[in-house]
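Comments concern the structure below.
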Amino acid sequence: MSLTKVMKDGYLEKRSNGLLQLWKKKRCVLTEDGIRLYDCKGEKELRFERMGTLDCVEYTRGLVYFTIVMNDGKEIDFRCQQEGTAWNAEIALALVRFKNRVAVQTGRNRHMSHLGSCGEGDVEL
């Protein structure tokens with residue numbers, strides 16, 4: 001990820017992919033481009049451009065459970081303490097902002113390419 005504004009920094013628990021599906025605590029940094037997950041093995045990036053949605057929000061015994069669904073269909077489960085503004089809300093808002101930013105840029109690019117393809121000689125009166 002590029003150097004972008006840090007929107008939230010703290011800890012989440014991620015469900016492992018193994019047979020036991022244990023919850024493992026990860027340090028997480030939310031930025032304008034995605035989420036960085038840190039543990040003793042290193043860093044992993046979940047970029048918004050590869051995320052589809054944030055689903056399955058459930059509140060149980062002081063914990064918030066949620067699932068990030070990637071564009072390829074892979075689901076990644078997380079949980080965190082239910083205090084203050086929960087991670088799921090922050091991630092969902094950041095994902096919407098990212099998708100809006102991409103949509104606006106795509107619209108501008110289309111508009112500019114359309115203007116570039118319409119020279120003065122192309123205008124009919």
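The values are calculated or read from the model by the stated rules, or taken from the named source; none is laboratory data. For clarity, every value in this text was computed on a predicted model and none was experimentally measured. Note that we place each Cβ from the backbone using ideal geometry, even for glycine, and neighbour counts take in every protein chain shown. Please note that ligands, DNA and RNA were not included when accessible areas were found on the heavy atoms of the full protein model with its side chains. Shrake-Rupley method; radii C 1.70, N 1.55, O 1.52, S 1.80 Å.
General remarks:
- Where N is the number of residues in the chain, Cα Rg divided by 2.2 N^0.38 Å: 1.41
- Straight-distance candidates among the aspartates and glutamates for linking to Lys5, with alpha-carbon spacing under 20 Å and chain neighbours fewer than 8 residues away dropped: Glu32, Asp33, Glu43, Glu45, Glu49, Glu90.
- Placing +1 on each Lys and Arg Cβ and -1 on each Asp and Glu Cβ, with no other charges, gives region 40-101 a dipole about its Cα centre of roughly 160 debye.
- List Asp33, Asp39, ordered by accessible area with a 1.4 Å probe, largest first: Asp39, Asp33
- Acute angle (nearest 10 degrees) that the helix 87-117 long axis makes with the longest principal axis of the chain, alpha-carbon atoms: 10 degrees
- For region 13-30, Karplus couplings with θ = phi - 60° (6.51, -1.76, 1.60), whole Hz, Gly/Pro x: 10, 10, 6, 6, 8, x, 4, 7, 6, 6, 8, 10, 6, 10, 7, 10, 10, 8
- Taking every protein chain into account, the 1.4 Å probe leaves Lys8 with about 50 Å² of accessible area, to the nearest ten.
- Dipole magnitude of the chain, debye to nearest 20 (Cβ charges: Lys/Arg +1, Asp/Glu -1, about Cα centre): 640 debye
- Accessible area, probe 1.4 Å, largest first, for residues Met7, Met70: Met7, Met70
- For region 62-69, 3J(HN,Hα) per residue [Karplus equation, 6.51 cos²θ - 1.76 cosθ + 1.60, θ = phi - 60°, Hz, x = Gly/Pro]: x, 10, 10, 10, 8, 10, 9, 9
- Label separation (Gln21 vs Asn100): 3.4 nm, computed from points 7 Å beyond Cα along the C-beta direction.
- Sorted largest first by accessible area at a 1.4 angstrom probe radius, with every protein chain in place, the residues Ser113, Ser16 fall in the order Ser113, Ser16.
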